[in-house]
Amino acid sequence: MTGPEGEKFSGCWEVDAVDEPRSFTFRDGFADETFARNPELPESVSVSTFTPVEGGTRAVYVTTCASPEALQTVLDMGVVEGTRSAMNQIDALIARAVPPTPSAPLGGEGIGATTVSG
């Protein structure tokens, strides 16, 4: 992740549960430059769920921080901007990876937009 002042933060995930193709749960933490977990920065728990809808899939991402202070720390580090940037790349990645079909033609038509509110 790149913070609002251009600082770089490495991260790591530890996957706790997978219910393919419906959901997965993971712990999301920060790491040092060797990708070893950094226990001095907050860890959060994230649940990603995927539900079929007309013409595509609805993806819902919920992240829970351990405390208001942990949330404020990651907000100050630029997590909203970083997440928005990452999420807004998903449609283009899927459009390139999914072969064209009548319900999901190449170019992303039929794939719902992803946004991050904040």
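Residue-wise test of (1) among the charged types (D, E, K, R); (2) closer than 22 Å to S85 by Cα; (3) touching a helix residue (DSSP H, G or I) at 6+ places or on another chain (Cβ under 6 Å).
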site: S10; (1), (2), (3): no, yes, no
site: E20; (1), (2), (3): yes, no, no
site: D28; (1), (2), (3): yes, yes, no
site: A36; (1), (2), (3): no, no, no
site: E40; (1), (2), (3): yes, no, no
site: S44; (1), (2), (3): no, yes, no
site: T49; (1), (2), (3): no, yes, no
site: P52; (1), (2), (3): no, no, no
site: E69; (1), (2), (3): yes, no, no
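Any idea which of V60, V80, V98 is surrounded by 13 or more Cβ atoms within 10 Å (Cβ to Cβ) and under 23 Å from V15 (Cα atoms)?
V80
Kindly list the number of the only condition in (1) modelled with pLDDT under 95; (2) surrounded by 14 or more Cβ atoms within 10 Å (Cβ to Cβ); (3) in contact with a strand residue (DSSP E or B) (Cβ under 7 Å, 6 or more places away or on another chain); (4) of a type outside the set (K, R) that fails for T2.
Failing condition for T2: (2).
Of all residues in the range 7-21, which are among the aromatic types (F, W, Y) and touching a Lys or Arg at 6+ places or on another chain (Cβ under 6 Å)?
Across the range 7-21, there are no qualifying residues.
Of the residues D76, D91, which is at pLDDT below 85 and of a type in the set (D, E)?
D91
The values are calculated or read from the model by the stated rules, or taken from the named source; none is laboratory data. Owing to the predicted nature of the structure, the values given are computational and were not obtained by experimental measurement. Neighbour counts run over all protein chains shown; Cβ positions are idealised from the backbone, glycine included.
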